[in-house]
1. In the range 108-117, is there at least one residue being surrounded by 15 or more Cβ atoms within 10 Å (Cβ to Cβ), in a strand (DSSP E or B), charged (D, E, K, R) and in contact with a Gly (Cβ under 6 Å, 6 or more places away or on another chain)?
2. Testing ALA142 on (1) assigned to a strand (DSSP E or B); (2) touching an Asp or Glu at 6+ places or on another chain (Cβ under 9 Å); (3) over 16 Å from LEU96 (Cβ atoms), one condition comes back false. Which one is that?
3. Out of the residues in the range 147-163 that are at pLDDT below 90 and among the small types (Gly, Ala, Ser), state the one that is surrounded by the fewest Cβ atoms within 10 Å (Cβ to Cβ).
4. When the range 47-68 is examined, which residues are found to be under 17 Å from ALA165 (Cβ atoms), within 14 Å of the chain's Cα centre (by Cα) and part of a loop (DSSP other than H, G, I, E, B)?
5. Does LEU197 meet the test of being more than 30 Å from ILE11 (Cβ to Cβ) and either surrounded by fewer than 15 Cβ atoms within 10 Å (Cβ to Cβ) or modelled with pLDDT under 90 (or both)?
6. Can you tell me how many residues within the range 129-146 are crowded, with 16+ Cβ neighbours inside 10 Å and more than 22 Å from the chain's Cα centre (by Cα)?
7. In the range 61-84, which residues are in contact with an Asp or Glu (Cβ under 7 Å, 6 or more places away or on another chain), surrounded by 15 or more Cβ atoms within 10 Å (Cβ to Cβ) and in contact (Cβ under 8 Å) with a residue 40 or more places away in the chain?
8. When you check LEU236 against the structure, is it in contact (Cβ under 8 Å) with a residue 12 or more places away in the chain and at negative phi, yes or no?
Amino acid sequence: MPLVRRMVAEIFGREANLSQHPDEAVALGAILQGAILEGNLQNVALLDVTPLSLGIETFGGLMNVIIPRNTTIPAKAGELFTNAVAGQSGMKLTILQGERELAADNWTLGSFEIPFPPSPKGAARVGVQFFIDADGILQVLARDTATGSEKIVEIKSAVEVSDEAVEAMLAGSLEHAFEDMDARIFTEARLKAEEMLPAVEAALGQLAAELPPEEIALIRTQAAEVTAALDSKETLRLKQALTALDNATQTLATRLIEKAMG
């Protein structure tokens, strides 16, 4: 139905896959499987897929998907992550399974830590790779790119999930889709605000004498609006306040860069 397709596209941010005919897909699969069992069809295998998405928890308590739901196995995928806090000397990897935006609403399959030398914020690099073999066993590898230090954990329950549990997770993700997405957007905006506000204050401390009083007043007004939006937990208000503060600090940022370079 066109309405369902539009809703799916709005919720997931991508167009629905229409390559299979919905009235024929199950029947065609049953025919193929029957032919395989009868021996009339050779050299055809039915491939398993991941029943739910697999990923890790990232800063702010968000779910970062590494292998999406319905990926054919065996499968391998990875991403590069960095430290969120200055002086951080390790990273805890919590392995998640599910379809919700917040880590707490998904299932935890395991966790482990990968150490690295204390680094400034954003300086450490940790590569994380997920590999599911043909037997459905998940291996998670984490490697510090600077030292080559690595750890590997193996999880055997990543694919063996009951139909009832999968259906419950999918139903929950659909039921809470809009509030989950709002929570993710607000969390990402909150993290940006918590990084931006101290940076703006520090820049004003260095360059206040070089800026017109009205520009300083505008920046402080916009910064105060960001703080108020954080307190009110209003996603749209916070996003708009961050955009306004970005615009108000363009000259400040330019002068800060020029001072650092010269």
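The values are calculated or read from the model by the stated rules, or taken from the named source; none is laboratory data. Everything quoted here is computed from the prediction, not taken from an experiment. Here the Cβ positions follow ideal geometry from the backbone for every residue, glycine too, while neighbour counts run over all protein chains shown.
1. no
2. It is condition (3) that ALA142 fails.
3. Here the residue is SER162.
4. Selection gives SER53 alone.
5. No; evaluated as a whole, the condition is false for this residue.
6. 2
7. LEU62, MET63, ILE66, ILE73
8. no
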